[in-house]
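Reviewing the structure listed below.
The values are calculated or read from the model by the stated rules, or taken from the named source; none is laboratory data. What you are looking at is a predicted structure, and each value in this text was computed from that prediction instead of being measured. Neighbour counts are summed over all protein chains in view; Cβ atoms, including those assigned to glycine, are modelled from backbone coordinates with ideal geometry.
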Amino acid sequence: MAQWRGEARSAGRQVLLSGIWFSVDVVGPEGFSRRGWEALASALRDHAMENNLASAVRTPLGMRYVVEGPVKAPDGRSPNMRSVWFQEGNLPPRLVTAYPLEEKPQ
């Protein structure tokens, strides 16, 4: 994927990553925290750069990229995550959403 674009900042109980506000209530179990929101931003950027694309689809809004794989958490764990990115024209991709993947029963 191309270089990540956008800003990352915190406002109360939400974190802005690339123009999308995430509730900080969804982070925490892997060591992410409100005060350390920069770690989440960095982990999601690294996740997109270090894992393979699960899909790349051209849509009327541009390219949609889905990345699946482990994300490095502050507590040392590496839970599997899916992140979705959109790229409009020649602009760098922007984060749309990210969420943990469910573990498959063995």
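Can you pull out every residue in the stretch 79-88 that is of a type outside the set (A, V, I, L, M, F, W, C) and closer than 12 Å to N51 by Cα? Result: N80, R82, S83. Do the conditions hold for R45, that is, is it charged (D, E, K, R) and either outside any helix (DSSP H, G or I) or modelled with pLDDT under 85 (or both)? So R45 fails the test. Of all residues in the stretch 73-106, those that are buried (at least 16 other Cβ atoms within 10 Å of the Cβ) and not aliphatic (A, V, I, L, M) total 7.
Note on the stretch 55-91: residues that are part of a loop (DSSP other than H, G, I, E, B), within 15 Å of S42 (Cβ to Cβ) and among the hydrophobic types (A, V, I, L, M, F, W, C) amount to 2.
Consider V26 carefully, then state whether it is surrounded by 13 or more Cβ atoms within 10 Å (Cβ to Cβ), β-branched (V, I, T) and at pLDDT below 90. Answer is yes for this residue.
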